[in-house]
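Everything on this sheet refers to the single structure shown next.
Every number here is computed from the coordinates shown, using simple stated rules; none is lab data. In this text the structure is predicted, and so the values were computed from the model without any measurement. Positions of Cβ are generated from backbone atoms using ideal geometry, with glycine treated the same way; all protein chains shown enter the neighbour counts.
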Amino acid sequence: MSISRRTVVTGIAGGTVLTAAGGASAATADDAAQNILSAAGAWRQTAAERDMLYRQAFNIARDRVDAALRGGGRPGSAGRRPLAVVSDVDDTVLSSDTYWARLLTAGKQAFDDTLWDTWIRENGPTPTPGAVDFTHYAASRGVEVFYVSSRDQGPDTQELGVANLRHAGLAFADDAHVTMLRESSDKEPAQREIAARYEVVAYLGDNLNDFRRRYYVDSVPQRKALAAQDAEHFGRDFVLFPNNTDGHWMRAVFGESEPADTPAYRARMLRAARGELN
Ligand SMILES: [Mg+2]
């Protein structure tokens, strides 16, 4: 049974399938007015609080860099590995706000691969608030930033990723510092390679999977419990950024990270919002 099929069955079993959606996947005027992503998109676009969550996270990361420099002398000094920060890309240092605005404008109510790929190739991503300053600050202190991301735009995924980071003005936007994982979203092997050569002072990400693979589970309560076990890491070596539209929290809700727009998807989103999946 496929994941999407399971989602359909679950949605119907829950007895809350939205009749208003009518099963149509094409955009209609009603879709635009009733888009279930509207609140999430509005928060992304307008909330100063959201921008300051980014600033707050980069301030924490900068404090981590400063503390590591104070604690061990200059990076690369005798007996010590050089310092590094390992960062996710999308919605950590690159914002997807304009992608989601485009998606909502097109009347779509779920992640859309075609729109995403086009937007990536147009260098659509912009830097998140504080990302440019942070990466250049780290560079100025001799601390390298490595980017580990899971994207797939085909054979030129790596080239496009580096171009996006460079276009946004981030430091270390080069092949030596960018790893685009096409085959898996498991970042741990790439992170371990970096950690073998560098002392990693912080991991930056908008998805728990950016910190540890063990959070990659498809149960909402289990995922929350696993994160809670590691609560002492957050705001310290795990620096977390906000993302209310996509990521593995969606996988815990739907069984897949990028569910298609179906009546069952809309119904299950509503159940999640009502607290019925906790
Ligand atoms: Mg991300």
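Just a few scattered comments:
- Once backbone amide H atoms are built at 1.01 Å from N, residue 95 has 126, 128 as its partners under 5 Å, excluding neighbours fewer than 5 places away on the same chain.
- For 224, 187, order by how many other beta-carbon atoms lie within 10 Å, fewest first: 224, 187
- With each label modelled as a point 7 angstrom along the Cα→C-beta vector, the residue 33-residue 233 pair spans 4.7 nm.
- The ranking of 218, 113, 91 from fewest to most other beta carbons within 10 Å of each one's beta carbon is 113, 218, 91.
- Rounded to the nearest 5, the antiparallel percentage of DSSP beta bridges internal to the chain is 10%.
- Under conditions of 10 °C and 1.306 mPa s, the chain yields 80 µm² s⁻¹ as its translational diffusion coefficient, taking Rh as the Kirkwood radius over Cα pairs in the Stokes-Einstein equation.
- Between the beta carbons of residue 176 and residue 55, assuming R0 = 22 Å, the FRET efficiency works out to 0.20 to the nearest 0.05.
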